[in-house]
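The values are calculated or read from the model by the stated rules, or taken from the named source; none is laboratory data. Since this is a predicted model, take the numbers as computed values, not measurements. FYI the Cβ positions are ideal-geometry reconstructions off the backbone, even for glycines, and counts take in every protein chain you see.
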Ligand SMILES: Cc1cc2nc3c(=O)[nH]c(=O)nc-3n(C[C@H](O)[C@H](O)[C@H](O)COP(=O)(O)OP(=O)(O)OC[C@H]3O[C@@H](n4cnc5c(N)ncnc54)[C@H](O)[C@@H]3O)c2cc1C
């Protein structure tokens with residue numbers, strides 16, 4: 001699939017359907033859109049596709065996908081990407097759909113937090129539990145230091161060059177970045193609340209070897225306070241069992257993982273109940289004409305938060321979305337097994 005390196009475009013990007021969310025349901029929706037003759041674009045807040053499957057349980061086995069007796073969540077996402085490939089849906093990652101507005105022609109204009117705009121006949125919201133956002137420090141003094149001294153991701157390694165860097169966290173990202181930043185930082189210290197990690201064994205061994213070799217430090221403790229006189233981070237108070245210590249630091253990289261937040265969707269004027277978009281189960285349309293919801297974010301009586309339910313919801317939603325993209329055309333149903341054009345595309349994408 002085409003991942004777009006987006007500079008804010010002057011003119012809105014036009015598409016039949018804008019898919020909000022690149023989780024399993026958004027990915028399957030991109031395939032289904034192609035099958036029924038709709039162009040689509042996908043946007044996701046995070047840089048990786050796969051939603052909960054990749055962020056929360058990539059290596060866990062899934063047993064309830066029809067005709068796949070067992071696969072890991074990562075395998076499922078790989079298969080969905082493979083299935084979409086004949087249609088090569090453009091992906092706009094690392095940006096969140098922030099606002100939507102209805103245009104005079106009944107279409108929708110959506111804007112991302114990075115300034116990209118889309119004009120779409122319909123929007124399919126497959127946003128799961130909302131955007132995945134980094135779990136932030138709960139210290140008031142961290143807020144004004146954000147992006148200058150306190151970071152929740154690495155945008156430019158040069159921000160850390162020649163600095164005393166503290167990396168907080170015990171997962172894959174924390175260990176990988178602590179190891180990677182050794183080559184640019186003055187000194188890297190990894191801080192984690194216990195001497196056990198939820199990261200790949202190979203990264204844990206590399207980190208321990210690196211500490212033994214004196215290339216970096218590891219401290220068991222938690223971040224208790226930031227000392228930043230005049231808005232410049234100088235040191236961090238680390239709380240340990242029965243004591244605390246001050247650690248010199250210029251930059252703090254907090255990698256505590258991601259949490260889901262419904263975020264901007266709650267302000268789009270769509271009916272939402274108990275954090276879910278209320279839909280009509282005959283076509284998964286929301287209270288706003290042309291805006292659909294599928295997957296975990298769709299709410300209706302007896303809703304089951306299952307991947308297979310999301311696939312069904314997306315299929316029905318897109319069939320109704322077709323009538324917004326092509327109001328004058330009648331869509332003719334063709335089973336995929338009889339769809340010669342689809343067969344050609346699928347074969348072409350596998351050579
Ligand atoms: C540990 C665990 C195990 C599970 N096991 C199973 C199982 O065995 N079988 C099963 O069927 N289900 C299982 N589930 C549930 C399944 O993962 C979910 O039902 C599924 O991920 C929902 O898919 P989705 O595409 O609707 O949403 P998600 O996977 O949540 O993806 C939504 C995406 O939308 C993005 N997004 C949100 N808001 C915006 C915005 N405003 N702009 C741009 N992007 C946005 C998010 O960043 C995210 O990437 C499991 C869940 C967990 C947590």
> Taking segment 54-93, which residues are under 26 Å from residue 13 (Cβ atoms), touching a helix residue (DSSP H, G or I) at 6+ places or on another chain (Cβ under 9 Å) and part of a loop (DSSP other than H, G, I, E, B)?
Replying inline: 88, 89
>> Within segment 54-75, take every residue that is in contact (Cβ under 8 Å) with a residue 40 or more places away in the chain and within 9 Å of the ligand (Cβ to nearest atom) and give me the one that is surrounded by the fewest Cβ atoms within 10 Å (Cβ to Cβ).
In response: 64
>> So, in segment 96-141, exactly how many residues are under 15 Å from the mean Cα position of the chain (by Cα), more than 16 Å from residue 292 (Cα to Cα) and crowded, with 16+ Cβ neighbours inside 10 Å?
In response: 6
> Quick one: which of 198, 210, 205 is modelled with pLDDT of 95 or more and either loosely packed, with under 13 Cβ neighbours inside 10 Å or within 16 Å of the ligand (Cβ to nearest atom) (or both)?
Replying inline: 205
> How about segment 105-121: which of its residues are within 11 Å of the ligand (Cβ to nearest atom) and in a strand (DSSP E or B)?
Replying inline: 110, 111, 112
>> Checking the condition more than 16 Å from the ligand (Cβ to nearest atom) and closer than 30 Å to residue 166 by Cβ, which residue from 280, 248, 328, 271 passes?
In response: 248
> Only one of (1) buried (at least 22 other Cβ atoms within 10 Å of the Cβ); (2) in contact with a helix residue (DSSP H, G or I) (Cβ under 9 Å, 6 or more places away or on another chain); (3) modelled with pLDDT of 95 or more is not met by residue 145, so which one is it?
Replying inline: (1)
> For residue 287, are the conditions met, namely being surrounded by fewer than 14 Cβ atoms within 10 Å (Cβ to Cβ), assigned by TED's automatic domain parsing to the domain that holds residue 105 and away from the ligand (no atom under 16 Å from the Cβ)?
Replying inline: yes
